[in-house]
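Chemist: Got a structure here, written out as structure tokens. Questions coming.
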Amino acid sequence: MFKLIFKLFGWKITHYLPDEIKKCVIVVAPHTSNWEFVFGMGAIRFMKLKPRFAIKKEWIRFPFKRLMLSSGALAIDRNAKNTLGEKTGTVDAMANLFKTHDTLRLIITPEGTRSRMEKWRTGFYHVAMKANVPIALGFMDYEKKECGIDKIIYPSGDYKADMKLIMDFYKNVKAKHPQNFSVDVELSKP
């Protein structure tokens with residue numbers, strides 16, 4: 001159904017994730033409408049990617065368990081503790097997912113909401129750094145009706161420089177509701 005809707009609305013995929021990248025964090029932006037889920041799922045089906053996303057473990061139970069798992073959900077325990085009994089947190093839990101999967105392309109929407117956010121959540125960067133995986137930049141440009149995964153960033157550890165590259169990539173992508181989309185204002189500064 002998602003593929004049909006994707007085609008009926010005139011969308012096309014212009015860039016694909018290279019096959020050799022088996023593990024990565026896929027950042028998807030902009031996120032200003034619920035339609036991104038529908039078109040994004042269509043694009044993922046055409047690209048033959050198995051979508052995976054992290055979700056708190058509490059969602060992986062009745063009545064949502066079957067739906068969540070079939071959609072690609074991976075349960076994380078945000079309250080897990082390490083061997084010293086210290087709380088590990090969400091970033092560590094997400095990074096640890098890469099240790100237990102041969103192929104994992106983890107989708108994250110850093111805006112976190114459909115409303116305008118001038119500060120992005122940057123956990124995706126820290127997950128990629130801890131897991132030692134690249135960040136793939138996925139996009140949906142409503143003006144051109146084009147989407148895909150266009151740029152691969154290997155985090156250097158220079159957070160500010162890496163985030164500027166990411167913000168520069170997204171600054172010209174046109175959202176469905178442009179008034180609700182902003183790159184991270186602070187991180188886009190030279």
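The values are calculated or read from the model by the stated rules, or taken from the named source; none is laboratory data. Please read these numbers as outputs of a predicted model, since none were measured by experiment. Glycine gets a Cβ as well: all are built from the backbone with ideal geometry, and neighbour counts include every protein chain shown.
Chemist: Every residue in the stretch 101-135 that is modelled with pLDDT under 90, surrounded by fewer than 18 Cβ atoms within 10 Å (Cβ to Cβ) and either in a helix (DSSP H, G or I) or basic (Lys, Arg) (or both), please.
Modeler: Matches in the stretch 101-135: ARG116, LYS119, ARG121.
Chemist: When the residues of the stretch 5-22 are filtered to those that are in contact with a helix residue (DSSP H, G or I) (Cβ under 8 Å, 6 or more places away or on another chain) and not in a loop (DSSP other than H, G, I, E, B), which remaining residue is nearest to ARG105 (Cα to Cα)?
Modeler: Taking the stretch 5-22 first, the residues in contact with a helix residue (DSSP H, G or I) (Cβ under 8 Å, 6 or more places away or on another chain) are 5-7, 9, 11, 13, 16-17.
Then keep just the ones that are not in a loop (DSSP other than H, G, I, E, B); that gives 5-7, 13.
Values: ILE5: 23, PHE6: 21, LYS7: 24, ILE13: 18 Å.
Checked the stretch 5-22; the qualifying residue nearest to ARG105 (Cα to Cα) is ILE13.
Chemist: Next question, about the same structure. Among the residues in the stretch 9-26, are any without any contact (Cβ under 8 Å) to a residue 40 or more places away in the chain and over 19 Å from MET140 (Cα atoms)? Spell out the reasoning first.
Modeler: Restricting attention to the stretch 9-26, the residues satisfying the condition of being without any contact (Cβ under 8 Å) to a residue 40 or more places away in the chain are 19-20.
Add one more test, that the residue is over 19 Å from MET140 (Cα atoms), and what stays is 19-20.
Checking the stretch 9-26: at least one residue is without any contact (Cβ under 8 Å) to a residue 40 or more places away in the chain and over 19 Å from MET140 (Cα atoms).
Chemist: Still on this structure, I have one more. If we keep just the residues of the stretch 23-35 that are outside any loop (DSSP other than H, G, I, E, B) and out of contact with any Gly (no Cβ under 9 Å at 6 or more places or on another chain), which is farthest from PRO178 (Cα to Cα)? Steps first, answer last, please.
Modeler: Initially, the stretch 23-35 is screened for residues outside any loop (DSSP other than H, G, I, E, B), giving 23-29, 35.
Imposing the further condition that a residue be out of contact with any Gly (no Cβ under 9 Å at 6 or more places or on another chain) reduces the set to 23-25, 35.
Working: LYS23: 31, CYS24: 28, VAL25: 25, TRP35: 14 Å.
Residue satisfying both the conditions and the ranking: LYS23.
Chemist: Here's a follow-up. Out of everything in the stretch 36-72 that is in a strand (DSSP E or B) and in contact with a Lys or Arg (Cβ under 9 Å, 6 or more places away or on another chain), what residue ends up being farthest from ALA131 (Cα to Cα)? Outline the logic, then answer.
Modeler: Step one: filter the stretch 36-72 for residues in a strand (DSSP E or B), giving 52-56.
Filter again for in contact with a Lys or Arg (Cβ under 9 Å, 6 or more places away or on another chain), leaving 52, 56.
Working: ARG52: 16, LYS56: 19 Å.
By that ranking, first place goes to LYS56.
Chemist: OK, next. Search the stretch 17-35 for residues being over 23 Å from LEU97 (Cβ atoms) and out of contact with any Lys or Arg (no Cβ under 7 Å at 6 or more places or on another chain), and hand back the single one that is surrounded by the fewest Cβ atoms within 10 Å (Cβ to Cβ).
Modeler: Let us first name the residues in the stretch 17-35 that are over 23 Å from LEU97 (Cβ atoms), namely 30, 32-35.
With out of contact with any Lys or Arg (no Cβ under 7 Å at 6 or more places or on another chain) added as a condition, the list becomes 30, 34.
Details: PRO30: 24, ASN34: 9.
Checked the stretch 17-35; the qualifying residue surrounded by the fewest Cβ atoms within 10 Å (Cβ to Cβ) is ASN34.
Chemist: Follow-up. Filter the stretch 52-75 down to the residues that are over 17 Å from the mean Cα position of the chain (by Cα) and charged (D, E, K, R), then identify the one that is nearest to VAL25 (Cα to Cα).
Modeler: Taking the candidates together, the pick is LYS57.
Chemist: Among what's in the stretch 147-161 and is without any contact (Cβ under 8 Å) to a residue 40 or more places away in the chain and surrounded by 19 or more Cβ atoms within 10 Å (Cβ to Cβ), pick the residue that is farthest from the chain's Cα centre (by Cα).
Modeler: Top of the filtered list is PRO155.
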